[in-house]
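First the structure, in the form of C-alpha cells, and then the observations on it.
The values are calculated or read from the model by the stated rules, or taken from the named source; none is laboratory data. Note that the coordinates shown come from a computational prediction; the quantities given were computed from them, not determined experimentally. Glycine also receives a Cβ, built like all others from the backbone with ideal geometry; neighbour counts cover every protein chain displayed. Side chains included, ligands, DNA and RNA excluded: accessible areas come from the protein's heavy atoms. Shrake-Rupley method; radii C 1.70, N 1.55, O 1.52, S 1.80 Å.
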Amino acid sequence: MDTVYLNGNYMPMSEARISPMDRGFLFGDGIYEVVPSYDGRMVGFVPHMERMQQGLDAIEVKLNIDQAEWRGIADELIQRNGGGNLGLYFHVSRGADVRRNHAYPEDIPPTVYAFAFQIPPAPIADKAAATPFKVSTAEDLRWRRCNIKSTALLGNVMHYQQGHAAGNGETILYNAAGELTEASACNVYVIKNGTVITPPLDHQKLPGITRLILLALLSRDGSIPVEERTVTLDELRNADEVWLTSSSKEIAPVVSIDGEPVGDGNIGDVWLAAQAIYSAGKFDF
Ligand code: PDD
C-alpha cells in the first residue's frame, strides 16, 4: 500500500512531497474522489470521474487529464499496490502559489495526487456478515455547496467526530427545517412499509455515486419502490429501517440512532434484498 502517484510520477508514499504553499494545504482548495476496486474491478469509475470534472469546473481548475489517463493511473496504482480490495483516492488541488492570496492565481499547475488504501471485502447480502451501524444525529452546520466534493472537509470531520465521541460510527445530519440532508461521509435513506425514501439531490448534499448506482439498480429491478423526497427527522426516528451509502460501505444498515433502536433493532429484510440487487449489478457502472 506504498506506491502513490504525484504529478506524473509513481513513488513510495514516504518520498511524496508537496509545497507548504499548496492551496490544498492552505485553503482546502481542491477536489477529490474515492473509487472502490475489488480484484482490479472498479465500481462506478466513469460517474466518479464525471463528478470530479463537475467539481473542477465549479471551482474553475483547469486540468489536462482526461478519463483515459485517469483510468491508466487507477490501473497502475491497483497493479503496484497488489490488487485486492482497494479504495483509490484521487485529489486535485489548485496548486502551489508563491504567496498566500485568496484570489485564484492564474497559470499555476494543479497538484495531482492519488493513492490506494485497503478497504474491507465487498459487503454481501447476508445479515450475519453485515456491519450494523450505530449513529448520532446533529444539525448540519456545513456550508451551502455540499454538492461539490471539496477537500475542505472540516465541517464533515467535525460532524463525524460528534458521532465518534458518542461511540457511534456516523452522524446523520438535518437542516434548520428538520429535514435530513446526508451523513458526514454517506448518503441517507429511510425505509417505511417497504418503500425506500431518500432526500432529493440539491446543494445540501453530495450526489453520491453509490446512491446513483443503487437508485438505478432498484429502478431496473422494480421490486422495491423508491421515493426521492424530503425526509424529516421524525420520519427518521419512526423508520422501519435506515441505511447509509458510500463507496466503501455500499449499503450500510443502521440499527441504532442516538441510542434508540431502528425498527426492532435488527438489520431489515429490505436491506437484504437491496444489497443483493446492488451486489449483482454494481459492476455494470
Ligand atoms: N465519502 N456524502 C458525503 C459527505 C461523502 O463524503 C460521501 C463519500 C458520500 C457518498 O458518496 P459516494 O457514494 O460517491 O462514495 C456522501 C467518501 C467515500 C470519503 O470522503 O471518504
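Residue count for region 1-24 under the criterion of being open to solvent by 70 Å² or more (accessible area, probe 1.4 Å), in contact with a strand residue (DSSP E or B) (Cβ under 9 Å, 6 or more places away or on another chain) and either touching a residue at least 24 places away in the same chain (Cβ under 8 Å) or assigned to a strand (DSSP E or B) (or both): the result is 5. Could you say whether any residue in region 223-233 is within 10 Å of the ligand (Cβ to nearest atom) and surrounded by 22 or more Cβ atoms within 10 Å (Cβ to Cβ)? No, every residue in region 223-233 fails to be within 10 Å of the ligand (Cβ to nearest atom) and surrounded by 22 or more Cβ atoms within 10 Å (Cβ to Cβ).
Considered as a group, the residues in region 111-154 that are aromatic (Phe, Trp, Tyr) and touching a residue at least 24 places away in the same chain (Cβ under 8 Å) include one that is surrounded by the most Cβ atoms within 10 Å (Cβ to Cβ), and that residue is 133. Taking the conditions (1) within 16 Å of the ligand (Cβ to nearest atom); (2) part of a strand (DSSP E or B); (3) under 30 Å from residue 280 (Cβ atoms) in turn, residue 120 satisfies each one other than (2). When residue 250 is tested against (1) open to solvent by 10 Å² or more (accessible area, probe 1.4 Å); (2) at positive phi, exactly one condition is not met: (1). Among all residues of region 56-71, there is none that is within 16 Å of the ligand (Cβ to nearest atom) and part of a strand (DSSP E or B). Scanning region 141-187 for residues that are polar (S, T, N, Q) and more than 12 Å from the ligand (Cβ to nearest atom) gives 161, 162, 168, 175. Per the conditions (1) over 20 Å from residue 48 (Cα atoms); (2) in a strand (DSSP E or B); (3) of a type outside the set (Asp, Glu), the sole criterion not satisfied by residue 164 is (2).
Within region 258-278, the only residue that satisfies the criterion of being among the polar types (S, T, N, Q) and open to solvent by 30 Å² or more (accessible area, probe 1.4 Å) is 266. If you go through region 243-275 and keep only what is within 21 Å of residue 40 (Cα to Cα) and either aromatic (Phe, Trp, Tyr) or more than 15 Å from the ligand (Cβ to nearest atom) (or both), you end up with nothing.
Among the residues of region 25-54, the ones that are of a type in the set (D, E, K, R), buried (at least 16 other Cβ atoms within 10 Å of the Cβ) and assigned to a strand (DSSP E or B) come to 1 in all. For the condition in contact with a Lys or Arg (Cβ under 8 Å, 6 or more places away or on another chain), touching a residue at least 24 places away in the same chain (Cβ under 8 Å) and of a type in the set (D, E, K, R), residue 250 qualifies.
Between 255, 196, the distinction of being open to solvent by 10 Å² or more (accessible area, probe 1.4 Å) and either modelled with pLDDT under 95 or in a strand (DSSP E or B) (or both) belongs to 255 only.
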